[in-house]
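The values are calculated or read from the model by the stated rules, or taken from the named source; none is laboratory data. In this text, all values refer to a predicted model and were calculated from it rather than measured experimentally. Here the Cβ positions follow ideal geometry from the backbone for every residue, glycine too, while neighbour counts run over all protein chains shown.
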Amino acid sequence: MDKLAGLSVFVQVADSGSFAAAARALGLTASAIGKTIARLEEQLEVRLFHRNTRSLSLTAEGAQFLDRCRGIMEAVAAAERELAGSRSGDLRGKLRVSVPLVSRQWHRLFLSFMETHPGLELELNYTNRVVDMVEEGFEAAVRIGILKDSRLRMRRLGSFRRVLVAAPGYLERHGVPVDLDDLERHDCLRSRNASSCQLDVWPLGPDPARRSARLRPRFIVDHSEMLLTAALGGAGIACVPEFWACEHVRRGELRIVLADETANTREVSAVWPGGQVACPRVSAFVGFLAIHLPPVLAESREGGSPC
């Protein structure tokens with residue numbers, strides 16, 4: 001017996017109150033309904049109904065089983081609606097995505113995606129920690145940097161550069177660094193990676209890790225957005241995504257320093273569990289970002305020059 005069909009018959013009998021009523025609702029005979037229930041009870045090794053010639057009622061076990069079966073049938077119906085919607089382009093259901101903290105600046109993109117798919121529920125988890133997507137229940141993630149996990153499938157979304165910035169007031173007090181050696185005497189605002197517990201490596205010259213290790217960290221945070229706030233407050237020099245800084249640079253609130261020394265870029269990619277064809281929700285989300293994110297990353301640059 002098809003187990004799902006058997007569960008459907010069981011729920012219908014419980015709702016209808018008799019085999020005959022359930023048979024009419026399902027277009028079957030009362031005899032077929034009775035045989036289906038009997039086989040189900042045999043498989044479960046438990047009696048689901050008290051029945052005699054005049055009445056039918058659930059046993060305690062049957063009532064408990066009914067609650068479970070309703071959940072199963074509702075989940076199946078929701079999955080069918082979701083698949084039907086996917087085929088028609090009307091996405092339904094919930095999409096849970098892990099995104100990096102820098103993406104807080106991309107909120108307009110996420111809102112636009114939701115407007116494009118009004119039937120979709122989008123849950124974003126902002127973190128710089130590398131999450132276990134399967135274990136933690138994420139269907140997709142946006143990652144910064146080189147992808148090292150071969151278990152994941154990936155699509156490149158774009159790239160951005162980081163720049164060194166400081167408030168004019170700080171530079172008036174401490175001077176503008178003229179080269180990487182001069183940078184070492186300045187107050188540097190650093191962030192600590194939540195996964196590795198290491199300080200961030202600034203994109204400095206041909207040996208960034210060695211250069212970064214020689215910097216003087218005046219202020220360390222585990223939340224990269226705070227670096228921008230601290231730099232605006234005149235606390236020192238910070239290394240931040242260019243698309244974070246440019247609006248403040250245009251308003252004269254920040255200045256970029258040593259621009260020629262920070263020319264390398266960081267990759268942005270979408271990932272999802274390997275060995276799987278991306279579900280329609282993930283495909284739609286990744287495709288949307290692949291089209292709309294690169295202009296956001298590049299809008300601060302004209303011909304490759306900073307801001």
query = Within the range 173-196, restricting attention to residues that are out of contact with any Lys or Arg (no Cβ under 7 Å at 6 or more places or on another chain) and closer than 13 Å to Ile220 by Cβ, which residue is modelled with the lowest pLDDT?
reply = Asn193
request  = Identify all residues within the range 217-238 that are in contact with an Asp or Glu (Cβ under 9 Å, 6 or more places away or on another chain), modelled with pLDDT of 90 or more and in a loop (DSSP other than H, G, I, E, B); write none if there are none.
outcome  = Ala235, Gly236
ask   = From the list Asp90, Asp67, which one is under 30 Å from Leu293 (Cα atoms) and either among the basic types (Lys, Arg) or surrounded by fewer than 17 Cβ atoms within 10 Å (Cβ to Cβ) (or both)?
value = Asp90
query = Among (1) under 29 Å from the mean Cα position of the chain (by Cα); (2) not in a helix (DSSP H, G or I), where does Cys246 come up short?
reply = (2)
remark   = From the option list Leu152, Leu147, Leu164, single residue qualifying as touching a residue at least 12 places away in the same chain (Cβ under 8 Å) and in the same structural domain as Gln198 (by TED's automatic domain parsing) is Leu164
request  = Being within 18 Å of Lys3 (Cα to Cα), out of contact with any Pro (no Cβ under 8 Å at 6 or more places or on another chain), surrounded by 12 or more Cβ atoms within 10 Å (Cβ to Cβ) and at pLDDT 90 or above narrows it down to one of Thr59, Thr36, so name that one.
outcome  = Thr36
message = Based on this model, can you work out whether Leu232 counts as aliphatic (A, V, I, L, M) and buried (at least 19 other Cβ atoms within 10 Å of the Cβ)?
response = no
ask   = Looking at (1) under 26 Å from Val130 (Cα atoms); (2) modelled with pLDDT of 95 or more; (3) of a type in the set (D, E, K, R), can you tell me which one Arg155 breaks?
value = (2)
Qualifying positions in the range 177-188 - part of a loop (DSSP other than H, G, I, E, B), surrounded by 11 or more Cβ atoms within 10 Å (Cβ to Cβ) and touching a Leu at 6+ places or on another chain (Cβ under 9 Å) = Pro177, Asp179, Glu184, His186
Which numbered condition Val97 misses (of (1) out of contact with any strand residue (DSSP E or B) (no Cβ under 8 Å at 6 or more places or on another chain); (2) within 30 Å of Val282 (Cβ to Cβ); (3) at pLDDT 85 or above; (4) of a type in the set (Val, Ile, Thr)) = (1)
